[in-house]
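K.L.:
There's a structure below that I have some questions on.
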Amino acid sequence: FQPKVLAGRHVLVTAGPTFEAMDPIRGITNHSSGKMGFAIARAAREAGARVTLVAGPVHLGTPRGVDRVDVQSARQMLAATEAAAKDADIFVATAAVADWRPANHSDQKIKKDGSGQAPTLAFVENPDILLAMAQSERARSGALFCVGFAAESENLVAHAKAKRERKGIPLLVGNIGPLTFGQDDNALLLVDADGVRELPRAAKQVLARELVAEIAVRARASGRK
Ligand code: C5P
């Protein structure tokens with residue numbers, strides 16, 4: 001008999017892209033499939049945790065036993081994350097949150113006016129959900145263990161280390177290139193205070209189980225329990 005490593009824990013995961021509307025019909029988004037985040041949510045549940053999965057618009061079924069909250073925009077994702085983080089022990093930010101949203105949202109469809117002039121889109125910055133969580137009282141006190149992700153097109157190790165410092169989080173996970181979207185496999189780079197470790201290429205669900213085990217060990221070492 002092996003006790004489940006996350007029994008009694010509440011794990012919060014963000015996954016997928018966000019969709020930032022400019023009118024009721026159009027908006028900007030990105031190619032995130034949500035597969036890695038959903039795999040982590042499934043693995044955390046298998047490890048005995050209660051799991052809240054805050055998902056942007058994706059085409060994926062909800063893993064068995066996982067509480068799913070669907071959102072569209074970064075601001076909705078932040079609100080849902082803040083609500084669930086109140087009693088979460090571990091936060092894993094896999095979502096590809098849009099860095100910017102259109103500055104003006106039109107309640108009606110923006111129409112061509114026949115002048116041949118295209119509208120100009122202005123953007124404002126979205127909230128950084130991971131940064132907000134990492135700076136929260138619960139994270140600072142060690143009650144909430146925060147894990148970030150990084151997808152880079154170059155210099156992954158240097159960027160991952162820098163991102164971990166900038167966000168002030170104990171563990172940063174880098175997607176080892178090439179940048180692929182919707183693939184079923186991946187390779188990960190784990191960056192923590194002790195250094196860098198690679199989880200070699202494997203199916204996302206296999207990697208998710210390995211990553212959840214790594215997170216459980218670190219969260220136990222750093223947390224209240
Ligand atoms: O700052 P950058 O987008 O490169 O950092 C990526 C990490 O931060 C990911 O874990 C992502 O989920 C998280 N993030 C976030 N909110 C944002 C931007 C990124 O939670 N607005």
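K.L.:
Please work out which residue is farthest from the ligand (Cβ to nearest atom), limiting yourself to the range 103-149 and to residues that are in contact (Cβ under 8 Å) with a residue 40 or more places away in the chain and basic (Lys, Arg).
P.N.:
Ranking the candidates gives 109 first.
K.L.:
Moving to a separate point now. Would it be correct to say that residue 96 is under 25 Å from residue 70 (Cβ atoms), modelled with pLDDT under 95 and within 16 Å of the ligand (Cβ to nearest atom)?
P.N.:
Here the answer is no, as residue 96 does not meet what is asked.
K.L.:
Can I ask one more? Just to verify a result, which residue in the range 8-40, among those that are of a type in the set (Val, Ile, Thr) and closer than 25 Å to residue 183 by Cβ, is surrounded by the most Cβ atoms within 10 Å (Cβ to Cβ)?
P.N.:
13
K.L.:
Just to be sure I understand the filter: pairs with C-beta atoms under 6 Å, separated by 6 or more residues or on different chains, first member in the range 172-186 and of a type in the set (S, T, N, Q), second member modelled with pLDDT of 90 or more. Which pairs pass?
P.N.:
Pairs that qualify, where the first residue is of a type in the set (S, T, N, Q) and the partner is modelled with pLDDT of 90 or more, are 186/204; 186/207.
K.L.:
Okay, moving on. For residue 153, all conditions in the list (1) within 23 Å of residue 76 (Cα to Cα); (2) within 12 Å of the ligand (Cβ to nearest atom); (3) assigned to a loop (DSSP other than H, G, I, E, B) hold save one; what is the number of the exception?
P.N.:
(1)
K.L.:
Same structure again: Looking only at the range 162-171, count every residue that is more than 8 Å from the ligand (Cβ to nearest atom) and buried (at least 17 other Cβ atoms within 10 Å of the Cβ) and tell me the total.
P.N.:
Adding up the residues that qualify gives 4.
K.L.:
Name every residue in the range 192-211 that is touching a Leu at 6+ places or on another chain (Cβ under 7 Å) and outside any strand (DSSP E or B), in order of residue number.
P.N.:
207, 210, 211
K.L.:
Does at least one position in the range 68-77 carry a residue that is within 13 Å of the ligand (Cβ to nearest atom), part of a loop (DSSP other than H, G, I, E, B) and touching a helix residue (DSSP H, G or I) at 6+ places or on another chain (Cβ under 7 Å)?
P.N.:
yes
K.L.:
Show the residue pairs meeting these rules: Cβ distance below 9 Å; 6+ apart or different chains; first residue within the range 77-99 and without any contact (Cβ under 8 Å) to a residue 40 or more places away in the chain; second residue surrounded by fewer than 22 Cβ atoms within 10 Å (Cβ to Cβ) and among the hydrophobic types (A, V, I, L, M, F, W, C).
P.N.:
79/71; 80/69; 80/71; 83/69; 99/123
K.L.:
Here's a follow-up. Looking at 186, 175, which is the one that is under 16 Å from the mean Cα position of the chain (by Cα), more than 22 Å from residue 5 (Cα to Cα), surrounded by 15 or more Cβ atoms within 10 Å (Cβ to Cβ) and more than 13 Å from the ligand (Cβ to nearest atom)?
P.N.:
It is 186.
The values are calculated or read from the model by the stated rules, or taken from the named source; none is laboratory data. These numbers were taken from a predicted model, which means no experiment stands behind them. Cβ sites come from the backbone with ideal geometry, for glycine too, and all protein chains shown count toward neighbours.
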